[in-house]
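Peer 1: Structure incoming, see below.
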Amino acid sequence: MNVDGIREMFQNGKSVEELVHSIFDKIEHSKLNAFVTLAKESALEEARRVDKHGAKGMLGGIPIGIKDSISTKGIQTTCCSKILEGYIPPYDAHVIERLKAEGAIIIGKTNMDEFAMGTSTETSCFGPTRNPWDLIRVPGGSSGGSAAAVAGGEVPLALGSDTGGSVRCPASFCGVVGLKPTYGLVSRYGLVAYANSLEQIGPFAGNVKDVALLLDVISGYDPRDSTSVTKKCEYLKELREDVSDVKIGVPGEFFGEGIDEKVEKAVWGGIKALEDRGASYTEISLPHTKYSLAAYYIIAMSEASSNLARFDGLRYGLRLGKDKDWHTTFSEIKAQGFGEEVKRRILLGTYALSAGYYGKYYLKALKVRTLIKRDFESALKDTNVLITPTMPFPAFKIGEKIGEPLALYLADVNTVPINLAGVPSISVPCGFAGKLPIGMQIIGRHFDEATILRTAYAFERGMK
Ligand code: GLN
C-alpha cells in the first residue's frame, strides 16, 4: 500500500470512506497489535468530508498511523504507559496540525515501548507488537507499532519518534523506510518528551518517495519549539536517481564486533550497488564511536528523569481515587503507573544528575557527545553520506532479550551516535537474512536530508 496506489484507487472510483472502512476492518482482524487506539469516528467523518469536497492538500484522503507519544486532540495519548491511561490531549502536536492541514486521515495511535524507552516494543502496557515478517519476532522499537502497521499493509504512512534509533530500528526490522530528521527540522511541540536534546519525530513509509512526501508535510519552522529551524523543505521535488556526485564514507567502527555476517554482507552489497550507479566510496573512521552507547544512555536517562517528574498523577492520566497525603499519593501513582524499564531509567538518570556524580557522569557524557559530533562533522567534510548497517542483526524473538536490559541497549550501537551528533539518517531495506529484512543506514550532513533521500531513492530503484 503506497500513496500513488491509493491515489489511483481514488481515481478509479473508490471512495475515501470505503478505504477507511477497509483499513479498520483489516486492523480489527490483525494479529500484529500495531494499533492501540483507533480514531474511528473522526477518521470516518474526515473521510466523508474529503469524499464530498474532493481530496485537497498534499495528503488528501491518505490514511496515517501516529505513534502514541504524539499528542492528538480528542484521541487518547498514553505513550503506552499505565500512568497516562485515559489521557486525552486538549491540543494537537505541530505535526498533527500539519497533517490535518494537508488532508491526511488519522487512523489511530500506534504501539510503542513505554515512553519510547526500548528497542523492541515489548514494554508497552498494551502488550507487544508482532513483526509482520515473522509473528514470533519483535518489530523493533520503540516505534514498533508504526513500522509494523506500514509493513503489514494496514496504513501507507506512519509517524514515529527517534531518540536513539526508534524510527530506524523498527524500519530495519520490518523492512520499511524510516527517517530521523536533523535535530531542529521537525517541531517537537506536542511530542511527549523522553530526551529532548536527542529526539525528532520521523516518517515511515513503504518507499523513499512517500517518506520524502511525509517529511515535506511535517518539517518546517514552528515558534512553539525553541529548537525549531527555519528551512524550506521540498524534498519530494528534489528527489532524483542520479548519485554520480555522491561520495560515500564507510566507517569501520560500525561494522565491528557483534554485527551479523548476513547484515554486513547485505550492507556492503548496497554500497557496491550505489557504486555501480556512479557513487564513489572510501573507508573512514569515527574514532569516538565506542563511547556512544555510554554517553547516550547517561544523557537520555538524565533527561528522562527530569521529564518524567511531571507525571505525578495529579494533572494527567491514572488516578487512584483515594484521598491520601500528597507524598503517599505521588509515590503510589508512580509505583503503579510506571513499568520496570521506565523506573530503572528514572533511578539511573537521577543518580547521574545527583550532586556528587553530575561531573563524573552527565557532564562527562556531554563532553564525549561533542567529540562524537566533531567526528561526524569532520568525516562529512570529504564525503556527502556515511553508510552503515542500521541494526547489528535482524529482528530477534519476542521475549529473547527483554530480561537483559544491557543486551537491548547494545542493539542501539549503530543508531545512537547519530542522535548524539544531531545529523539526519534514513534506514532503507537492503536485503534479507532468511525471511527477515535487513536495513541499511544512510547518514547525512546537518540539514542535508535531500542527499540521503536521493541516495536511498537511487538504491531503492536499483533494487527493483
Ligand atoms: N532504544 C533506545 C532507548 O531505549 C532508543 C529509543 C528511542 O529512540 N526512543 O533509549
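Peer 1: Ratio of the chain's C-alpha Rg to 2.2 N^0.38 Å, to two decimals?
Peer 2: Values: Rg = 21.0 Å, N = 464, 2.2 N^0.38 = 22.7 Å.
After normalising by residue count via 2.2 N^0.38 Å, the value is 0.92.
Peer 1: When the C-alpha atoms of region 286-416 are aligned to their principal axes, what extent does each axis show, in angstrom, from largest down?
Peer 2: Here the spans come out as 63, 39, 24 Å, largest first.
Peer 1: Show me, for region 403-420, the HN-Hα J-couplings you get by feeding each phi into the Karplus relation (A = 6.51, B = -1.76, C = 1.60, θ = phi - 60°), rounded to Hz, glycine and proline as x.
Peer 2: After applying 6.51 cos²θ - 1.76 cosθ + 1.60, I find x, 10, x, 5, 4, 5, 4, 4, 4, 8, 4, 8, 9, 5, x, 5, 5, 5 Hz.
Peer 1: Strictly greater than 14 Å: what percent of every Cα pair in region 239-281 meets that?
Peer 2: Numbers: 481 of 903 pairs.
I get 53 percent for the Cα pairs in region 239-281 exceeding 14 Å.
Peer 1: Report D for region 139-283 in µm² per second (integer): Stokes-Einstein, Kirkwood Rh on Cα pairs, 25 °C, 0.890 mPa s.
Peer 2: Numbers: Rh = 16.6 Å.
D, rounded to a whole number, is 148 µm²/s.
Peer 1: Work out Dmax and Rg for region 322-386 from the C-alpha atoms and quote the Rg first, both in angstrom.
Peer 2: In order Rg, Dmax, the Cα atoms of region 322-386 give 19.8, 63 Å.
Peer 1: In addition: Volume per residue, Å³, of the convex hull around the alpha-carbon atoms of region 1-126?
Peer 2: On the way: hull volume 13.9 nm³, N = 126.
Enclosed volume per residue, from the Cα hull, is 111 Å³.
Peer 1: With θ set to phi - 60°, apply the Karplus curve 6.51 cos²θ - 1.76 cosθ + 1.60 along region 248-258 and write out the HN-Hα couplings as whole Hz, x wherever there is a Gly or Pro.
Peer 2: Using θ = phi - 60°, the values come out as 9, x, 10, x, x, 4, 8, 10, x, 3, x Hz.
Peer 1: Along its principal axes, what span do the Cα atoms of region 413-462 show, with the longest given first and each in whole Å?
Peer 2: Principal axes ranked by extent give 34, 26, 6 Å for the Cα atoms.
Peer 1: OK, next. Using θ = phi - 60° and the Karplus form 6.51 cos²θ - 1.76 cosθ + 1.60, what ³J(HN,Hα) does each residue of region 387-402 get, whole Hz, x for Gly and Pro?
Peer 2: 10, 8, x, 5, 10, x, 8, x, 3, 9, 7, 4, x, 5, 10, 5
Peer 1: So what's Rg/Rh here for region 359-407, counting alpha carbon atoms and using the Kirkwood radius for Rh? Please report the intermediate quantities before stating the final value.
Peer 2: Numbers: Rg = 16.5 Å, Rh = 14.3 Å.
Checking Rg against Rh, the ratio lands at 1.15.
Peer 1: Moving on. Report, please, the projected area of region 293-346 averaged over directions, based on the convex hull of its C-alpha atoms, in nm².
Peer 2: Details: hull surface 15.6 nm².
Reported value for the Cα convex hull: 3.9 nm².
Peer 1: Over all distinct Cα pairs, what is the inverse of the mean 1/r for region 4-52, reported as the Kirkwood hydrodynamic radius in Å? Intermediate results must be reported in sequence, preceding the final value.
Peer 2: Details: mean 1/r = 0.0856 Å⁻¹.
So the Kirkwood estimate lands at 11.7 Å.
Peer 1: Can I ask one more? Which of the aspartates and glutamates could be linked to residue 31 by a straight reach, that is with a Cα gap under 13 Å, when you skip same-chain ones fewer than 8 residues away?
Peer 2: 134, 154
Peer 1: At 0.692 mPa s and 37 °C, plugging the Kirkwood radius over alpha-carbon pairs of region 213-362 into Stokes-Einstein gives what diffusion coefficient in µm²/s? Walk me through the intermediate numbers first.
Peer 2: On the way: Rh = 20.8 Å.
Here the translational diffusion coefficient equals 158 µm²/s.
Peer 1: Okay, next question. Quick one: which residues, 5+ away or cross-chain, put their amide H under 5 Å from the amide H of residue 35? H built at 1.01 Å from N.
Peer 2: Here 111 satisfy the definition.
Peer 1: Determine by what factor the alpha-carbon radius of gyration of region 114-163 differs from 2.2 N^0.38 Å, reporting the quotient.
Peer 2: Details: Rg = 10.1 Å, N = 50, 2.2 N^0.38 = 9.7 Å.
Working it through for region 114-163, the quotient is 1.04.
Peer 1: So, one more: How large is the translational diffusion coefficient of region 379-464 in µm² per second when you combine the Kirkwood radius over alpha carbon pairs with Stokes-Einstein at 37 °C and 0.692 mPa s?
Peer 2: Details: Rh = 14.2 Å.
Answer, rounded: 231 µm²/s.
Peer 1: Can you pull out the chymotrypsin sites (Phe, Trp or Tyr not before Pro) in region 309-391 whose DSSP state is coil and whose Cβ has at most 16 other Cβ atoms within 10 Å?
Peer 2: On the way: sites: 311, 316, 326, 330, 338, 351, 357, 358, 361, 362, 376; in loops: 311, 316, 338, 357, 358.
Counting only loop positions with at most 16 other Cβ atoms within 10 Å, the chymotrypsin sites (Phe, Trp or Tyr not before Pro) in region 309-391 are 357, 358.
Peer 1: Considering the convex hull of the alpha carbon atoms of region 106-209, report its projected area averaged over all viewing directions, in nm², one decimal.
Peer 2: On the way: hull surface 24.2 nm².
Quarter of the Cα hull surface area: 6.0 nm².
Peer 1: What does the charge add up to near residue 250, with Lys and Arg as +1, Asp and Glu as -1, over the other residues with Cβ less than 15 Å from its Cβ? Don't skip to the answer; put the middle values down first.
Peer 2: Details: positive: 247, 265, 272; negative: 253, 264, 275, 283, 375, 382.
Local net charge: -3.
Peer 1: Longer than 29 Å from Cα to Cα, which of 290/397; 52/180; 56/237 are they? Say none if no pair is. Can you show the working numbers first?
Peer 2: Numbers: 290/397 27 Å; 52/180 36 Å; 56/237 18 Å.
Beyond 29 Å between Cα atoms: 52/180.
Peer 1: Taking +1 at the Cβ of each Lys and Arg and -1 at the Cβ of each Asp and Glu, which of 386, 425, 80 sits farthest along the dipole of the chain towards its positive end, judged by Cα position relative to the Cα centre?
Peer 2: It is 80.
Each reported figure results from applying straightforward, stated rules to the coordinates on display, with no laboratory input. Since we're looking at a predicted model, the values are computed, not measured. Methodologically, a virtual Cβ is constructed for each residue, glycine included, from the backbone with ideal geometry; neighbour enumeration extends over all protein chains shown.
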